[in-house]
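Here, each number is a calculation from the coordinates, and none is a lab measurement. Please read these numbers as outputs of a predicted model, since none were measured by experiment.
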Amino acid sequence: TGTTGTRFLNLDARSYGLEFEGQWAPIDNLAIFLNYAYINAKVTKGCCYLDVTDPTAIAPGARPTGAVGPGGARVQTLKGNDLPLSPDNKVTLGANYTWQLPVGSLMLGGNVTHTASLQSTIFANPIYQARAGDVADFRAIWKAPNGITVIASVKNAFDKVNYLSSLANPPAVTAVGVRRQVLLGFPRTYGLEL
């Protein structure tokens, strides 16, 4: 009839993980920090589903049920698939150093963040996988004795491509195959605050 309906279904899933935050000050005015997060988030029960964006695909890692839907569509079980937007590992390492000067204080700092690859949907299809990536940020903060603060920063200093998600772009199946749409993090960005 030309109408579209949406059905919401519950999946059984479990997730567990670990987070660590540490800071070390080996000498005055120097702070080194490390943040680490591990998450294991998987579907534990979920059958039988059709990826309507890429209905005939059975990607490496996908588990077909043997059932075939309309038009040759492949029905899959989702058991064992990652929950969306749940990277297994994320780690940030950084440091700050502060100088006390006659004209105020000057702090220079930087950090590097590594994010593991992640699935953007519940289907284990490589088209939905956002690649792992690293991003480095730097900043300088000057605080004057009269309370004025100036912050200069550069985010993604080495202008790395940073994937936040990856999806098939409907209509996904075209004459040249399935199209992929990725959401990228910002390129190198400069900032100045007063």
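Taking amide hydrogens as placed 1.01 Å from N in the peptide plane, the amide H of ARG179 sits under 5 Å from those of ASN169, THR174, each at least 5 positions away in sequence or on another chain. Amide H to amide H, which residues 5 or more places from LYS79 or on other chains are under 5 Å from it, using H placed in the peptide plane? Result for LYS79 returns GLY46.
Our coupling estimate for segment 123-137, obtained by passing each phi through the Karplus curve with A = 6.51, B = -1.76, C = 1.60 and θ = phi - 60°, is 8, 8, 10, x, 5, 9, 9, 8, 5, 5, x, 10, 9, 10, 10 Hz, Gly and Pro reported as x. For the pair segment 15-49 / segment 117-158, the C-alpha centres are spaced 16 Å from each other.
Each residue of segment 184-194 is assigned a 3J(HN,Hα), and the resulting list reads 9, x, 5, x, 3, 9, 9, x, 9, 10, 10 Hz, derived from the Karplus form 6.51 cos²θ - 1.76 cosθ + 1.60 (θ = phi - 60°), x at Gly and Pro.
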